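A.B. asks: Structure in structure tokens, see below.
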Amino acid sequence: MNEKQIKKEIEMDLNKYLQKNFPSLEIKSPLFYNWDYGLRFEIGLPTIPIFKDKEVFNREYFEKALLRAKKLFEATFEPNDRVYAVFQRYSDGRQKIKRNNYVFKSITQFDKIEVFKIKNLYKDFDEREDNRREHYHRIAVHTKLNNIDYSNIINRAIHKDFGGGFIQSFFINIDKGIIYYLYDDRGLDIIAKDKNTLKKLYLEFNDWILDYNRKKIDSVFKNL
């Protein structure tokens, strides 16, 4: 890709990129069920207990989960890949992702940042009597992967249900058309605009595919 094309991509905002490459896709959980071409992997090993006892976390469980999540991430991205790092959290009108948040501390440099206010991202908003102020606060950071401490962000996502925070983190590989989403310690989704892009991941990490979704995944990728 030449410099002119790169500049054009940088000028393209997140929504335009999604409309062009992932039409009709909403960036939300569960990503796997929102797109035709996707893989869902098991991250937390069920054979390892989460707690050593009722009050003490089992470090081995979280270390193994982090190792799996990072291996899949590094098989999906390369250091010089251009990405949208997308972070979002629920807000009742007051909560935002502030500049002192860990996600900003994990990014050393970026080309641009976009801020969004997303209404009715999840169905439960529509069922509330008064949701005028409720929304999801989203930021999209356009940068190269080597400007991101992704290990820290992945680790926080793994600990989401154990005091790690409330932010959903999505990594979009701009050139390859891949989206990586670690929803919590249990698993992660990787989707692509072209199913052939996921063939290597499907083959290399086949043993890690979540058994509950294996039948559906095999029907898409087994004969590639």
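The values are calculated or read from the model by the stated rules, or taken from the named source; none is laboratory data. Remember, it's a predicted structure, so these values are computed and weren't measured experimentally. Reconstructed Cβ throughout: ideal geometry from the backbone, glycine too, with neighbour counts over all protein chains shown. Each accessible area value is taken on the protein alone, full model and side chains, heavy atoms only, with ligands, DNA and RNA left out. Shrake-Rupley method; radii C 1.70, N 1.55, O 1.52, S 1.80 Å.
A.B. asks: Select from segment 51-81 the residues that are out of contact with any helix residue (DSSP H, G or I) (no Cβ under 8 Å at 6 or more places or on another chain), part of a loop (DSSP other than H, G, I, E, B) and hydrophobic (A, V, I, L, M, F, W, C) and list them in ascending order.
C.D. replies: Within segment 51-81, just Val56 meets the criteria.
A.B. asks: Restricting segment 82-123 to residues that are of a type in the set (Asp, Glu) and assigned to a loop (DSSP other than H, G, I, E, B), which is modelled with the highest pLDDT?
C.D. replies: Of everything passing the filter in segment 82-123, Asp111 is modelled with the highest pLDDT.
A.B. asks: Which residues, counting only those in segment 155-196, are farther than 22 Å from Leu25 by Cβ and open to solvent by less than 30 Å² (accessible area, probe 1.4 Å)?
C.D. replies: Within segment 155-196, Ile158, Gly164, Gly165, Asp185 meet the criteria.
A.B. asks: Next question, about the same structure. Which residue out of Leu25, Leu45 is at pLDDT below 90 and assigned to a loop (DSSP other than H, G, I, E, B)?
C.D. replies: Leu45
A.B. asks: Related question: Report yes if His142 is over 25 Å from Lys71 (Cβ atoms), open to solvent by less than 10 Å² (accessible area, probe 1.4 Å), at pLDDT 80 or above and not hydrophobic (A, V, I, L, M, F, W, C), otherwise no. Working first, answer last.
C.D. replies: On the way: over 25 Å from Lys71 (Cβ atoms): yes; open to solvent by less than 10 Å² (accessible area, probe 1.4 Å): yes; at pLDDT 80 or above: yes; not hydrophobic (A, V, I, L, M, F, W, C): yes.
So His142 fits the description; yes.
A.B. asks: Kindly check whether there is at least one residue in segment 53-75 that is among the β-branched types (Val, Ile, Thr) and either in contact with a Cys (Cβ under 9 Å, 6 or more places away or on another chain) or free of Cβ contacts under 8 Å to residues at least 40 places away in the same chain (or both).
C.D. replies: Here is the first cut: in segment 53-75, the residues among the β-branched types (Val, Ile, Thr) are 56.
Still in the list and also either in contact with a Cys (Cβ under 9 Å, 6 or more places away or on another chain) or free of Cβ contacts under 8 Å to residues at least 40 places away in the same chain (or both): 56.
The answer is yes; a qualifying residue exists.
A.B. asks: Could you tell me which numbered condition Ile48 fails, if it satisfies all but one of (1) in contact with a helix residue (DSSP H, G or I) (Cβ under 7 Å, 6 or more places away or on another chain); (2) in contact (Cβ under 8 Å) with a residue 40 or more places away in the chain; (3) open to solvent by less than 80 Å² (accessible area, probe 1.4 Å)?
C.D. replies: Looking at each condition in turn, Ile48 falls short on (2).
A.B. asks: If you don't mind, another one. Which residues, counting only those in segment 31-42, are part of a helix (DSSP H, G or I) and among the aliphatic types (A, V, I, L, M)?
C.D. replies: Listed by number, the list holds a single entry, Leu31.
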